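The values are calculated or read from the model by the stated rules, or taken from the named source; none is laboratory data. Note that the structure is a prediction, hence the values are computed from the model and not measured. Neighbour counts run over all protein chains shown; Cβ positions are idealised from the backbone, glycine included. All accessible areas refer to the heavy atoms of the entire protein, side chains included, with ligands and DNA or RNA removed. Shrake-Rupley method; radii C 1.70, N 1.55, O 1.52, S 1.80 Å.
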Amino acid sequence: MAVLPIRITGDPVLHEVASAVTDFGPELHQLVEDMIDTMREAPGVGLAAPQVGVGRRVFVYNWTDDDDVTHSGVAINPELWLSPIAIGEADEDEESEGCLSIPGERYPLRRAPRVILRAVDLEQKPFEIAAEGWLARIFQHENDHLDGVLYADRLEHKHAKDVAKVIRKKGWGSEGNSWMPGVDHPEG
Ligand code: ZN
């Protein structure tokens, strides 16, 4: 088991478009294994490769819904189709999300209620998942990471101002900040 440090907003790899995976060899298998260990330890419901400093189009997810069904897997070179996003302000209680790269913070954000995810797995086998609700949100959040977009970049003005303040206060927003799941407790 290898837990990797998670990069914090400001680190360039989080704000760049990741490249497609072309090599499906042992290095990729190791990366995915380490990403799953890191996501579990954090803990989080999703993790994208740029968050561990690798600019490749890979994310992992692991989320258990209200019916106790666990949705987990790895998406490589994903494409995402979104249903229309409703106009209006995001609800603090129902639509707040967080990000392991902006640890300890949560802000509301409107997302598409339904998506279709198409990707390949570690064996390069294509798959498709139609998701709704929170799983759809996870897919949008993780897929954004592969385009160098953090949820903070999508927030309504008032929340964007708040998160900018937090980033300044904590000394983030520049290269080289990270935290170590199981060691650091960024909630505090
Ligand atoms: Zn994130």
Accessible area expressed per residue, the chain, with surrounding protein chains retained (probe 1.4 Å, Å²): 52
Highest-fluctuation residue, G148, G104, G46 considered, GNM on the chain with Cα pairs under 10 Å: G104
Label-point separation, A2 to I116 (7 Å along Cα→Cβ), nm: 3.7
Percentage of interatomic Cα-Cα distances in the range 19-78 larger than 19 Å: 27
Highest-MSF residue in the chain out of L155, L100, L14 [GNM, Cα springs under 10 Å]: L155
Candidates per GluC sites (Glu not before Pro) in the range 1-98, loop by DSSP, up to 13 other Cβ within 10 Å: E16, E89, E92, E94
Distance in nm between pseudo-label sites at S178 and Q124 (7 Å out along the Cβ direction from Cα): 3.0
Shape call, the range 15-141: gyration tensor on alpha carbons, a/c limit 1.5: prolate
Those residues of the range 125-152 whose amide nitrogen sits under 13 Å from the label point placed on E95, 7 Å along Cα→Cβ: 137
Rounded percent of accessible protein surface that carbon and sulfur make up, the range 6-179, 1.4 Å probe: 47
Candidates Q140, Q51, Q30: whichever shows maximal mean-square fluctuation once the chain is modelled as a Gaussian network with Cα springs under 10 Å: Q30
